[in-house]
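Here's the structure, in structure tokens; my notes come after.
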Amino acid sequence: MNMEIRKADGQPVTTAERQQAVTESLRQIARMSRFADRKKGIRSYQSHVKNDPWIPILFVLCFVLPALAGAVYYGLIASDRYVTEARFAIRPAIGTADKANPDSVGTNSGVPSQMVAQDTMITREYILSRPMLETLEAQLPLREWFSSDSIDYASRFDPSKPIEKFLRYWKRRVDIDIEPGSGIMSVSVEAFSPDQSLAIAKAVMKEAERMVNDLSVKAREDAVAESTRELKLAEERMTKIRLAMRDLRNREGVLDAQKSNEVNLKMVAELRSARINLAVQLAIGQRDLGPESRRIIDIKQQIKDLDENIARIERQSASQDPEQKRLLSDALTRFEALDNDRKNAEKYYQQVLAAYERSRIIATRQIEFFSPIVEPVRAESSVEPRRILMISLITAGSAVLFAAAMFARKMMA
């Protein structure tokens, strides 16, 4: 039976139109099949969820309870915290920068940049230390302020706890930041009242300034003490060498071996000059007079005496006989060595004396200054805790925790 498909207007359907209709029908069938599979998967997942009793429990434990606890604590319970900020820097005194380098005798008469950096770190550690906390406790009722009944239980401090616990609590309420380039220190103090926060910040600044001034005084006193010790050692050394030279003069029987040697050399030169003159006279006289004449004999005797004196002086100046205690050559060597030591000792003494005078002058003035940049100001509103931010973070963390718990449950299933 041959049936022909026609259009609505009665015209027969072409082959291309028939293929297009078949393709569209297959596409609709495939779309309905995928939709049926998706609904089947959703029903399968819902049935799996309904059949797994741990999933609701995990949802409550990992998401609902933490998010609800965070919202309740930060929204209704957490106490307002007021923050007071102050900034300061430790700076060297004007005029000490040119004296910052160590001098040749090992004393520092200025303030090197390393000292300022070290004092900055010392100040930071001191603010967070137990001595600072004990000093402030003697001035302000810190335990009473931080243990008030108006503070929430999680933020409150138990006043019966020892100082070590209070120090940990103090480090959570005080934050210090140092700018690397400028060395400016920022101190932030948290308290549960704006007046209390301001009072604590002012006390911290005052005590930090006192500590910095004490460091400066100690550094100046140490510099003077070091210079004094070095000056005393240099003076003792110079005196010892001078006494050694005096003993050598007394032992050798001369006041100055070098001058004595110069005198001997001058005498030898004069004697040689006189001998040359006599030798010339002898040569002239021998042409006119006989060898047995009185004048010739006297000239020869004078020349002989001069030769003996020259030889005796030269032997005294250069002899190496250990039995002779007054040899000028040996004494000259010892005198030269001691004289060089004396000159070096006197030069070193003058350097130490100059360094001592510089350190003494600097010790009379301040070499470092505690320079406040931003004074503490009373807070008008609380900035901590950031309630919306903390609630959002806790909620997001709870969601991540629940997702991780679901993944772990699925892997175990």
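The values are calculated or read from the model by the stated rules, or taken from the named source; none is laboratory data. Everything numeric here is computed off the predicted structure, so don't read it as measured data. Here the Cβ positions follow ideal geometry from the backbone for every residue, glycine too, while neighbour counts run over all protein chains shown.
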>> It is to be established whether one or more residues within the stretch 191-199 are closer than 30 Å to Asp341 by Cα and part of a helix (DSSP H, G or I).
In response: no
>> Would you confirm, using the coordinates I've provided, whether Val377 is assigned to a loop (DSSP other than H, G, I, E, B), modelled with pLDDT of 80 or more and among the hydrophobic types (A, V, I, L, M, F, W, C)?
In response: yes
> Is there any pair linking a residue in the stretch 157-172 that is under 18 Å from Ala191 (Cβ atoms) to one that is of a type in the set (A, V, I, L, M), with Cβ under 6 Å and at least six apart or on different chains, and which?
Replying inline: Leu167/Leu133; Trp170/Leu133; Lys171/Leu128
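So that you can scan it fast, the table gives a plain yes or no per residue for (1) out of contact with any helix residue (DSSP H, G or I) (no Cβ under 9 Å at 6 or more places or on another chain); (2) modelled with pLDDT of 90 or more; (3) assigned by the TED database to the domain that holds Met132:
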residue	(1), (2), (3)
Arg172	yes, yes, yes
Glu179	yes, no, yes
Val187	no, yes, yes
Leu198	yes, yes, yes
Lys202	yes, yes, yes
>> Residues to consider are Pro141, Pro53, Pro159, Pro112; find the one that is over 30 Å from Arg409 (Cβ atoms), modelled with pLDDT under 85 and either outside the structural domain of Leu198 (by the TED database) or out of contact with any strand residue (DSSP E or B) (no Cβ under 8 Å at 6 or more places or on another chain) (or both).
In response: Pro112
>> Please count how many residues of the stretch 65-91 are surrounded by 14 or more Cβ atoms within 10 Å (Cβ to Cβ), touching a residue at least 40 places away in the same chain (Cβ under 8 Å) and assigned to a helix (DSSP H, G or I).
In response: 6
>> Looking only at the stretch 230-239, count every residue that is surrounded by fewer than 19 Cβ atoms within 10 Å (Cβ to Cβ), of a type outside the set (A, V, I, L, M) and under 10 Å from Val352 (Cα atoms) and tell me the total.
In response: 2
> Could you give every pair whose Cβ atoms fall below 7 Å, whose first residue belongs to the stretch 128-141 and is in a loop (DSSP other than H, G, I, E, B), and whose second residue is surrounded by 12 or more Cβ atoms within 10 Å (Cβ to Cβ), counting only separations of at least 6 or pairs across chains?
Replying inline: Leu128/Lys171; Leu128/Val174; Leu128/Ile176; Leu140/Ala199; Leu140/Ile200; Leu140/Ala203
>> Show the residue pairs meeting these rules: Cβ distance below 7 Å; 6+ apart or different chains; first residue within the stretch 391-413 and within 27 Å of Val72 (Cβ to Cβ); second residue outside any helix (DSSP H, G or I) and of a type in the set (S, T, N, Q).
In response: none
